[in-house]
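Worksheet for the structure shown next.
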Amino acid sequence: MEDLYRIATREELDLAVEWAAAEGWNPGLDDADIFWETDPEGFVCIERNCEVIGTGSIVSYGAFGFMGFFIVRKGMRNQGIGAPFWNWRKQRLQERLQPGAAIGMDGVFEMQPFYGKGGFVFSHRNIRMEGVGKASRPDPRLIPLAELPDASIREMDRRCFGFDRERFLSRWIQPKAGRALGYWKDDQLRGFGVVRKCRTGYKIGPLFAQNADIAEALFDGLAAEATGEPVYLDTPESNPAAIALASRKEMQEVFGCARMHLGPIPPLPWQEIFGVTTFEMG
């Protein structure tokens, strides 16, 4: 029987998240709900003999797409299953996007040659750093995002992500287990970040800030949510100040991905990006 490539169901997205957890990717507790609400047609799978044997995402932001969750079930790898599915996913996502739109991904390092053959070009490494959350003195300039103007949050996110993702953002900045903070000074949003509970500890992402001092204040306020627990920050090597921040917080590298693009690489203000949002959705 030939493999069937198709849109995944909500329950099959849960399966993809479970497989991601088994790979050590440490998803957030509410990630699946948010991902599905963002793009319910953005998750696909391989079906063989009525069983799912592979998963992937093809999320559309209209002018930009993102691929992730590329997993073939353990015990079925290295059998020629993944490559044709990956190429189908790429074509399917291109069909969902505006003409000429770029596609991004955060791929594990050992898969870079494969993605390169598919037309993706390396941009930089995103390094997952691990530390321990610590209580901190409250900074009066740190305000819950829910109390700040939506337009300011969307504008900063659009600048640092490169594209509008309002549907995703509206849910992401309201974590059920975690917190979302903005740095408000002189009636302007100078930075914001989100920390969410994961299978292990907490992840901070995104962490956007106009300078390193603001990023550190936000980090301290967010990491306090994880006091005494592991805290993770996915730092782009394209911003040396982000790597320096992680070093000051005595964080250690535990994982990483290669950010790659098919099509034009979006021009982003990397000096303001201290932590990417998520390896699965960009």
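Any read-out appearing in this document is the output of simple, stated calculations on the displayed coordinates, not a laboratory observation. Computed from a predicted structure; not experimentally measured. Backbone-built Cβ (ideal geometry, glycine too); neighbour counts: all protein chains shown.
With unit charges on the beta carbons (Lys and Arg positive, Asp and Glu negative) and the dipole taken about the Cα centre of region 129-282, which residue among A242, G162, G178 sits farthest to the positive side?
G178
Under a plain spin-label model, where a point goes 7 Å from the Cα along Cα-to-Cβ, how far apart in nm are A22 and R48?
1.4
Which links in K90/K203; K197/K249; K134/K176 stretch past 22 Å when you go from one Cα to the other?
Long pairs (Cα-Cα over 22 Å): K90/K203.
Which residues among region 114-142 fall inside the zone where the amide N is under 19 Å from a point 7 Å beyond the Cα of M76, along Cα→Cβ?
none
So what is the 222 nm mean residue ellipticity for the chain from helices alone, if each DSSP H run of at least 4 adds -39500 (n - 2.57) and you divide by all residues, rounding to the nearest 500 deg cm²/dmol?
Rounded to the nearest 500, the figure is -8500 deg cm²/dmol.
Once amide H atoms are built 1.01 Å from N in the peptide plane, which residues 5 or more positions from S123, or in another chain, come under 5 Å H to H?
Excluding prolines and chain starts, which carry no amide H, the hits are R259, M260, H261.
Here are a few candidate values for Cα extents along the principal axes in Å: (1) 54, 47, 44; (2) 86, 48, 31; (3) 62, 40, 31. Which one was actually calculated from the structure I just gave you?
(3)
Where does helix 82-96 land angle-wise versus the long Cα axis of the chain, in degrees 0 to 90, nearest 10?
For helix 82-96, the angle is close to 70 degrees.
Rounding to the nearest 10 and keeping the result within 0 to 90°, find how far the Cα-based axis of helix 212-223 lies from the longest principal axis of the chain.
With rounding to tens, the tilt is 80 degrees.
Please compute the modelled spin-label separation between I143 and F122, points set 7 Å along Cα→Cβ, answer in nm with one decimal.
For F122 paired with I143, the spin-label model returns 4.3 nm.
How many nm separate the modelled label positions at E237 and R167, each set 7 Å beyond the Cα in the direction of the Cβ?
3.4
Compute the helix-to-body angle for 150-161: its Cα long axis versus the longest principal axis of the chain, expressed 0 to 90° and rounded to tens.
Value to nearest ten degrees: 60.
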